[in-house]
Structure formats: C-alpha cells, structure tokens
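Heads up: the structure comes next, in structure tokens.
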Ligand SMILES: Cc1cc2nc3c(=O)[nH]c(=O)nc-3n(C[C@H](O)[C@H](O)[C@H](O)COP(=O)(O)OP(=O)(O)OC[C@H]3O[C@@H](n4cnc5c(N)ncnc54)[C@H](O)[C@@H]3O)c2cc1C
C-alpha cells in the first residue's frame with residue numbers, strides 16, 4: 001500500500017523530473033487487491049512449508065491453558081481438543097489498544113487491520129495517535145487523495161525518537177498537506193447531523209471540534225493474552241499484560257516460552273523471527289543464545305523512510321556516555337539531489353572513547369537500507385573512521401556515510417563532550 005502511495009506521489013511530482021502525466025487518481029479497490037495478492041503470496045508460501053513439514057500439524061482454533069502442560073483448542077471442529085506437551089511456546093502477538101474516548105463504541109472506527117480493507121477513499125481521515133502506524137497510514141491516505149488529520153496528545157510524534165528526528169518527521173507530514181495537531185487529546189466522538197464523525201479534542205487551543213468521514217484509532221498495541229488463561233498455567237505477566245520471560249525467552253514456568261509481540265520489548269517481525277532463532281539454538285542445538293545486547297533495528301515506512309538502530313542521542317546522554325553526534329542533511333547527499341529526494345537527514349551517535357557507532361537515525365531516501373549499512377558496522381564493532389574513509393561506489397546513498405563522519409570531524413565535534 002505504501003508502494004502505491006509512493007507511485008501516486010511521484011506521478012504528481014512528475015513534472016519536477018520533466019515528465020508529463022495527466023491528472024493522478026488512485027483506485028483504492030485496486031490498491032487493496034494488489035496488496036492482497038502480495039500478502040497471499042507470502043502467506044501461501046509459509047502455509048505450504050508448514051503443510052509439507054513432517055511431524056507438524058497446523059490446527060486452526062483458539063488455544064488456552066488448562067494447566068502448565070496442557071492447552072485446549074476451541075473452534076477447531078465440533079469437539080474441543082486437549083493437547084499435552086513438554087514444551088509450549090506462546091506466540092499470540094498483539095492487538096490494537098482501544099483508548100478511553102467516550103462514544104467510541106457508537107461510531108464506526110478503523111484499526112490498522114480494517115483500514116487495509118477499505119475499497120473507497122475516505123474523504124477526510126481522522127487519526128487518533130502519533131506513532132508509526134498513524135504516520136504510515138496518514139501519509140499513504142494523503143497520497144491516495146484523502147484529507148488527513150492526525151491528533152497526538154504528546155508534544156512530538158514518535159515519542160521515543162530524538163526531538164530533531166520527530167520534528168523533521170512533523171515537518172515532512174505538514175509539507176505533504178497533513179494536518180497534525182500535537183498536544184491534543186480526543187475525549188469524545190459522535191456522529192453529527194451531517195453524518196460526519198466529530199471528535200471533541202482539547203489541549204492545543206485550536207478548534208475543539210474536529211470533523212471527518214472516517215476515524216482510524218492508532219493509539220498503540222497490547223498483548224494478545226486475554227483468552228489464554230495464563231493463570232491456569234501459573235505464567236506471570238507484567239503490569240502491561242506482557243508475558244514475562246528471561247533472556248532465553250523462558251517464562252517463570254519451566255518448559256513454557258514466549259516469543260514475539262506477546263513478550264515485552266520491541267514488536268517487530270524480525271524480532272519475532274530472532275526470538276525463534278534463540279529458542280531453536282538453545283533447545284535444538286544445545287546452544288546458549290540470549291536476547292541480551294542484540295541489536296534491534298527498525299524502519300518506519302513513511303516516505304522518506306526512517307531507519308533506526310541502536311541508541312538515540314537522548315538515550316546515550318541519559319546513560320551519561322561520552323558521545324559525538326554526526327549529522328548530514330539529505331540536501332547534501334549527491335544521490336538524493338540527483339533523485340530530487342532531499343528531505344530529512346542522516347544522524348549517527350559515536351562513542352567518543354572507542355570511536356564505535358552506538359546508533360543512528362537515517363531519515364531520508366531508502367533510510368532503512370542506509371541504516372542497515374551502519375548496523376553492519378556496529379555488528380563488526382568498526383570504528384567510525386573506517387566508514388569515514390571507506391571507498392563506496394559513487395553515486396550511492398552509502399557513499400554519503402563518508403561525508404556524514406567527515407562533517408562530524410570538520411565541525412570540531414571530534415572532542416569529547
Ligand atoms: C499496521 C502494522 C504495521 C507493521 N509494520 C511492521 C513492519 O513494517 N516491520 C516489522 O518488522 N513489523 C511490523 N509490524 C509488527 C509486526 O506485524 C509484529 O511485530 C509481528 O507480526 C509479531 O509477530 P508475532 O509472531 O509475535 O505475532 P503475530 O504475527 O501477531 O501472530 C500471532 C498469531 O497468533 C494468533 N492468536 C492469538 N491468540 C491466539 C489464541 N489464543 N489461540 C490461537 N491463536 C492465537 C493470532 O490470530 C495471530 O495469527 C506492524 C504491525 C502493524 C499492526
């Protein structure tokens with residue numbers, strides 16, 4: 001869906017590149033069908049692997065614990081199944097949080113799953129929340145042609161990121177024509193006489209009534225543990241409902257493990273997959289793998305992308321580390337200039353004692369890929385000088401990592417602070 005939005009964006013900007021197009025219109029039903037085909041291709045591939053694996057049964061139904069060694073599965077046929085096992089892996093993921101907004105149960109609203117099934121374009125999409133789901137869908141639907149308003153109660157979007165990163169994201173969304181209202185809380189929602197959805201908001205001193213045709217709730221996700229009956233197994237959860245695990249992903253009950261979004265920590269597909277690798281190494285290969293100290297990269301698929309790995313500047317400073325900060329605007333990146341995609345910047349945090357890269361935020365064209373280059377440097381514990389002086393092909397985005405670190409040295413930021 002983001003790919004379709006990007007094509008619409010570039011088509012509208014075609015004349016910047018000397019290319020003539022007609023007026024640009026997006027057919028959301030076709031976008032959805034294309035998305036569905038991509039999803040089905042991946043899903044069918046995964047299902048086929050499971051079906052052809054010896055000694056593996058896939059049962060479609062809802063599982064819950066009876067005791068620490070037994071689960072029951074309902075909805076998998078006429079009878080409830082009872083399954084006993086020496087090892088049980090809880091891998092039930094997360095689901096959207098429903099925020100306490102009065103009237104929410106009386107108006108139609110969308111979440112991150114149902115919004116992907118719309119086949120007609122919302123005239124005006126209201127989004128409550130300012131995290132990555134709000135940003136990604138907000139920008140997509142703006143590019144498809146909807147009017148979009150994002151309501152976020154915090155001072156900045158993407159609360160975990162450095163403020164310069166969050167401010168640049170805000171600027172990009174505003175440039176794209178999205179109305180972003182920060183420091184604004186939604187307390188009530190109703191359908192007004194014109195059939196519009198009307199949110200009552202407060203905080204920023206702006207209009208307290210925000211009206212739109214559709215409402216997306218994007219206020220975070222919570223663990224999918226409600227129906228698991230974890231108490232029967234004695235499995236402990238934390239104050240937010242996540243299943244507690246040790247560094248080998250075992251719960252407090254021996255033999256029961258939790259992997260993926262159901263446990264605390266970053267909720268991403270590649271983290272869920274690495275969780276699998278950890279239990280596989282420990283249980284099938286007699287290894288000693290742990291989640292401690294692993295790098296946990298992620299990319300926010302706005303456009304331009306935000307690729308992130310390791311420490312942010314504020315995290316590094318909170319840890320009282322001696323750091324240096326390298327920053328390079330994308331407007332100084334040759335490839336970005338050539339492609340007319342100069343929004344954003346590259347930022348890296350360097351340990352002033354070891355010269356190793358501690359983390360980076362690449363908000364720019366293919367930010368996820370450029371971040372991965374620095375992640376590999378982090379995995380190899382390379383000093384930043386190796387990247388500063390490395391030969392990278394011209395013109396690539398990666399070659400600008402030379403300039404990123406040269407700029408840090410040139411600005412006299414080489415000294416510890
Ligand atoms: C809109 C959106 C965009 C995202 N984009 C990205 C991205 O770009 N990159 C990325 O890395 N991650 C992304 N994520 C996060 C990613 O989807 C999750 O981190 C990942 O799917 C977690 O995998 P999991 O194995 O823990 O659980 P899931 O993939 O959530 O799978 C859990 C499964 O368990 C089933 N289940 C739940 N309870 C029971 C029960 N009692 N009995 C039987 N089955 C049960 C559920 O139906 C589900 O099929 C995104 C998430 C959302 C919502």
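Tabulated data for the structure shown
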{"read-out": "Quotient of C-alpha Rg and 2.2 N^0.38 Å, computed over segment 98-219", "value": "0.98"}
{"read-out": "Full-extension gain in nm, residue 7 to residue 120, via 0.36 nm per residue minus C-alpha separation", "value": "38.9 nm"}
{"read-out": "Net length gained if the chain between residue 59 and residue 78 were fully extended (0.36 nm per residue, minus Cα distance)", "value": "5.5 nm"}
{"read-out": "Helical contribution to [θ] at 222 nm, DSSP H n ≥ 4, -39,500 (n - 2.57), averaged over the chain, rounded to 500", "value": "-9000 deg cm²/dmol"}
{"read-out": "Hull-based mean projected area of segment 299-415, where the convex hull spans the alpha carbons, in square nanometres", "value": "6.6"}
{"read-out": "Virtual spin-label span in nm between residue 294 and residue 25, 7 Å along Cα→Cβ", "value": "4.8"}
{"read-out": "Rounded Å value of the spacing that divides the Cα centres of segment 263-316 and segment 65-131", "value": "23"}
{"read-out": "Surface/4 estimate of mean projected area, convex hull on alpha-carbon atoms of the chain, nm²", "value": "25.0"}
{"read-out": "Overall Cα dimensions of segment 234-353, principal axis frame, Å, largest first", "value": "56, 33, 32"}
{"read-out": "Considering only the chain, percent of DSSP beta bridges that pair antiparallel, nearest 5", "value": "75"}
{"read-out": "q = 0.12, 0.20, 0.27 Å⁻¹, segment 224-300: log10 I(q)/I(0) [Debye, one scatterer per Cα]", "value": "-0.34, -0.89, -1.36"}
{"read-out": "Ranked list, fewest to most other Cβ atoms within 10 Å of each Cβ, for 78, 187", "value": "78, 187"}
{"read-out": "Taking segment 128-172 and dividing mean pair separation by its residue count, relative contact order in percent (alpha carbons under 8 Å, at least six apart)", "value": "37"}
{"read-out": "Stokes-Einstein D (µm²/s) once Rh is taken as the Kirkwood radius of segment 18-148 over alpha-carbon pairs, at 10 °C in 1.306 mPa s", "value": "83"}
{"read-out": "Length-normalised contact order for segment 299-415 - Cα pairs under 8 Å, 6+ apart - percent", "value": "29"}
{"read-out": "Value of relative contact order over the chain, rounded to a whole percent, pairs C-alpha under 8 Å and six or more apart", "value": "12"}
{"read-out": "R0 of 22 Å, Cβ-Cβ distance residue 339-residue 15: FRET efficiency to nearest 0.05", "value": "0.90"}
{"read-out": "Normalised convex hull volume, segment 352-417, alpha-carbon set, Å³ per residue", "value": "92"}
{"read-out": "Alpha-carbon radius of gyration plus Dmax, which is the widest Cα pair, for segment 149-300 in Å", "value": "20.8, 65"}
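Coordinate-derived values only; no laboratory data. Quick caveat, the model's predicted, so the values are computed rather than measured. Reconstructed Cβ throughout: ideal geometry from the backbone, glycine too, with neighbour counts over all protein chains shown.
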